[in-house]
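Taking it in order: structure first as structure tokens, then the write-up.
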Amino acid sequence: MASIKDVAATAGVSVATVSRVLNEHPSVSADARTRVLAAVEALGYRPNAVARSLRTDQTRTLGLVISDVLNPYFTELARSVEEEARALGYSVIIGNADERPDLQDHHVRTLLDRRIDGLLVSPTDGGSPLMLDAARAGTPMVFVDRWIPGVEVPVVRADGRRAVRDLVAHLHGLGHRRLAIISGPAATTTGSERVEAFRAALAEYGLDLPDAYTGQGDFQAESGRRVTEGFLDLPEPPEAVFAADNLMALGALDAIRARGLRVPDDIALAAFDDIRWFVHTDPPVTAITQPTGELGRAAVRALVDRIEGRPGESVTLPARLVVRRSCGAAPDGNHATNRSES
């Protein structure tokens, strides 16, 4: 994606002149204006997505682009963001990417055009040039839950590696040896991180993760159903399935029940991202819970720091395992809770 510097070089003018043209400043000559606009068109530069974020006035408005508003985890995250922002004197405009990179970038452009003061994003993938351009242009921005490697902005997230190790230890202690995972998209940091944490935890017990026991989903229920059906069709199906997202876990549960099988008698099931519904399923689902409310509040504070000229720090909080009955054991005193904390 072309930058404002590319436009300046092509037009043979300074970056400041390009900025004045884009902001319709009357001091620019007609010739310079013509050359800048021609360069913008030739390069496909999108001025309203980045250039307008370089400003000094404030609107007391934050933008939040979340991956999927129908996912209860992100719904709770958005709620905590809105509450903390309101407490600090800011309003929030929310865009739902629906796990689509193109829709994500559409919302980012639209929010920057609305002259928001700062941007919170949970990226749908790791390859958005627009996000990199916005960060380089000085847009106050914070990544929450997911992040894009190489984009130097604060990241507020949960570390689930210890909780994944606890889950594998729990499954191993119950006698399960054939363990499978429904992973998220490899292009997302959470998708790749969770499957690698699972693989590493299995290795601690001398267990492999065969390709047949690894299925990639898209953080949607239908993909969880599809991958689980594939697991159940294997000559030797897994004894336990770990879904790296709550919606994929619900899809897995549908697939298991459609085969007339029972959880946990026939197959164990666990999920990443606890949700309130999991205590109401039969049986209640063992899950890894993230401190969602704390993440949302910390992300807003980091963004406001950036807006107000302070550094804005990255924050990493621990996730934890909540043991219920879906893996074959009643909750114990060390891990159990009677409610979800998504």
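The values are calculated or read from the model by the stated rules, or taken from the named source; none is laboratory data. Keep in mind that what you see is a predicted model, and the values were worked out from it rather than measured. Every residue, glycine as well, gets a Cβ built from its backbone with ideal geometry; the counts of neighbours run over all protein chains shown. Each accessible area value is taken on the protein alone, full model and side chains, heavy atoms only, with ligands, DNA and RNA left out. Shrake-Rupley method; radii C 1.70, N 1.55, O 1.52, S 1.80 Å.
Okay, here's what the table says:
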| quantity | calculated |
| --- | --- |
| Rounded to 10°, Cα long-axis angle of helix 72-87 versus longest principal axis of the chain | 50 |
| Accessible surface of the stretch 50-144 [probe 1.4 Å, protein heavy atoms]: carbon and sulfur percent | 50 |
| Scattering profile of the stretch 144-203 at q = 0.26, 0.29 Å⁻¹ [log10 I(q)/I(0), Debye over alpha-carbon scatterers] | -1.10, -1.24 |
| Heavy-atom accessible area order for I181, I94, largest first, 1.4 Å probe | I94, I181 |
| Chymotrypsin sites (Phe, Trp or Tyr not before Pro) within the stretch 201-249: DSSP coil, no more than 11 neighbouring Cβ in 10 Å | none |
| Accessible area in the full protein assembly, largest first, 1.4 Å probe, for L64, L174 | L174, L64 |
| At 0.890 mPa s and 25 °C, Stokes diffusion of the stretch 1-151 via Kirkwood alpha-carbon radius, µm² per second | 151 |
| Accessible area per residue, Å², the chain with all protein chains present, probe 1.4 Å | 43 |
| q = 0.15, 0.16, 0.20 Å⁻¹, the stretch 264-312: log10 I(q)/I(0) [Debye, one scatterer per Cα] | -0.56, -0.59, -0.71 |
| Which of E41, E308 is most accessible, then next, and so on - probe 1.4 Å | E41, E308 |
| Full-stretch length increase - T75, D6 - with 0.36 nm per residue and alpha-carbon distance subtracted | 20.9 nm |
| Gyration tensor verdict on the stretch 220-341 (Cα atoms; rounded if a/c is under 1.5, prolate if a/b is larger than b/c, oblate otherwise) | prolate |
| 5 Å-binned pair-distance histogram of the stretch 132-172 (Cα, whole percent) | 6, 21, 19, 14, 10, 10, 9, 6, 4, 1 |
| Reciprocal mean inverse distance between Cα atoms of the chain - Kirkwood radius, Å | 21.6 |
| Placed amide H near A158: partners under 5 Å, 5+ positions off or other chain | D145, L317 |
| The stretch 88-106 versus the stretch 203-245: alpha-carbon centroid distance in Å | 31 |
| Ordering of 76-84, 18-26, 115-123 by burial proxy (mean other Cβ atoms within 10 Å per residue, highest first) | 115-123, 76-84, 18-26 |
| Overall form of the stretch 62-124 per C-alpha gyration tensor (a/c, 1.5; a/b vs b/c) | oblate |
| Rg(Cα) / (2.2 N^0.38 Å) computed for the stretch 186-272, rounded to two decimals | 1.03 |
| The chain: angle of helix 30-43 to the longest principal axis, Cα-based, in degrees nearest 10 | 20 |
| Point-charge dipole on Cβ atoms (K/R +1, D/E -1) for the stretch 201-342, about Cα centre, debye to 20 | 580 |
| Estimated FRET transfer efficiency when R0 is 25 angstrom, pair L88-N23 (beta carbons, to 0.05) | 0.30 |
| Over 17 Å [Cα-Cα, the stretch 126-249], rounded percent | 61 |
